[in-house]
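In what follows, a single structure is set out as structure tokens and then discussed.
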Amino acid sequence: MLMRQAKKCQKDEKKELTKLKKAISSGSTEEARIYASNAIRKKNERINITKMASRVDAVASRVQTAVTMQQVAKSIGSTVKMMDRAAQTMNLEQMSLIMDAFEKQFEDLDVQTGYMEGAIGGTTALDVPQDDVDLLIQRVADEDGLELNAELTSIEAPQYLPDEAELNERLARLREAS
């Protein structure tokens, strides 16, 4: 259920990005800001829902671990009884087999516990920073080759230094175009 909600948020985010592109094309600054804010909010909502799904999986893993622990406790009890019988007969081969089984159960438990610990994550806030909104507007406009009106052109794009290969490729395209 949570994964379906996350997918719905992803679709809604894409719809908001499409609306953002139209607003930028039409020069509607306020609408562009609203759509950019909505897109970021939907993205954060998707991330939070995905994290929640992860937490639910972590809780399910913990419950499974508890059930496994009960089974291990029963197995240890029966193992101790078998060890007592083996010790009474002093059959070292049988004792060795029992100890191997005992160690394997503990290894399996360690693997399950490690998986459970890896599944737990942190939370993020739902606030949408204005800088993120402005950067998303700039990025969408750049990707689609759209012109921003004067109010939005003051947005600074993140500093990015292209590598030499990218610069050479751009230069080659410019030379071919002229």
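Before moving on, here are some points about what is shown:
- Region 39-96 - residue that is basic (Lys, Arg) and over 29 Å from the mean Cα position of the chain (by Cα) and, of those, farthest from Lys15 (Cα to Cα): Arg85
- Some residue of region 45-63 being in contact (Cβ under 8 Å) with a residue 60 or more places away in the chain, surrounded by 15 or more Cβ atoms within 10 Å (Cβ to Cβ), of a type in the set (A, V, I, L, M, F, W, C) and part of a helix (DSSP H, G or I): yes
- Only one entry of Ala177, Ala157 meets the criterion of being more than 13 Å from Ala32 (Cα to Cα), exposed (fewer than 10 other Cβ atoms within 10 Å of the Cβ) and either at pLDDT below 55 or of a type in the set (A, V, I, L, M) (or both), and that entry is Ala177.
- Taken over region 1-33, the criterion of being more than 16 Å from Asp142 (Cα to Cα), in contact with a helix residue (DSSP H, G or I) (Cβ under 8 Å, 6 or more places away or on another chain) and among the aliphatic types (A, V, I, L, M) is satisfied by Leu2, Met3, Ala6.
- Of the residues making up region 109-129, those that are exposed (fewer than 12 other Cβ atoms within 10 Å of the Cβ) and either assigned to a helix (DSSP H, G or I) or modelled with pLDDT of 70 or more (or both) are Asp110, Val111, Gly114, Glu117, Gly118, Pro129.
- Scanning region 22-44 for residues that are surrounded by 18 or more Cβ atoms within 10 Å (Cβ to Cβ) and not polar (S, T, N, Q) turns up Ala23, Ile24, Ala32, Arg33, Tyr35, Ala36, Ala39, Ile40, Arg41, Lys42, Lys43.
The values are calculated or read from the model by the stated rules, or taken from the named source; none is laboratory data. Note that this is a predicted model, so its numbers are computed, not measured. Cβ atoms come from the backbone with ideal geometry, glycine included; neighbour counts cover every protein chain shown.
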